[in-house]
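Have a look at the structure below, then the notes.
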Amino acid sequence: MLGIRVHIKGPARRKIAAELKKAYDKGASIRTLAQGCNRSYGFVHRLLAEAGTTMRSRGGPGGRSRTAR
């Protein structure tokens, strides 16, 4: 999808951020998105934040809770 070390600016950056947000909102993980577009976790996380994405808590969807022992 994207080349490594290619700076993405302006409308192209907003378009990619919107596509990543859509996939993330459907349940894709940041790591999966990063691998899919050949970019780092940090880059994808930053674009999601720029797109106004509400981030899920750590541990993925489903949120298991701990039980008291």
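What follows draws every value from the coordinates through simple rules; no lab data is involved. Just so it is clear, the model here is predicted, and its values are computed rather than measured. Cβ: placed from backbone, ideal geometry, glycine included. Neighbour counts: every protein chain shown.
Using the Karplus relation 6.51 cos²θ - 1.76 cosθ + 1.60 with θ = phi - 60°, the per-residue 3J(HN,Hα) values for segment 30-44 come to 4, 4, 5, 5, 4, 5, x, 10, 6, 10, 7, 4, x, 4, 5 Hz, with x marking Gly and Pro.
All other residues with a Cβ under 15 Å from the Cβ of Pro11 taken together, and with Lys, Arg as +1 and Asp, Glu as -1, what is their net charge? Could you put the intermediate results ahead of the total?
On the way: positive: Lys9, Arg13, Arg14, Lys15; negative: Glu19, Glu50.
Every neighbour counted, the sum reads +2.
Among the trypsin sites (Lys or Arg not before Pro) in segment 12-58, those located in a DSSP loop and surrounded by at most 12 other Cβ atoms within 10 Å of their own Cβ are Lys26, Arg58.
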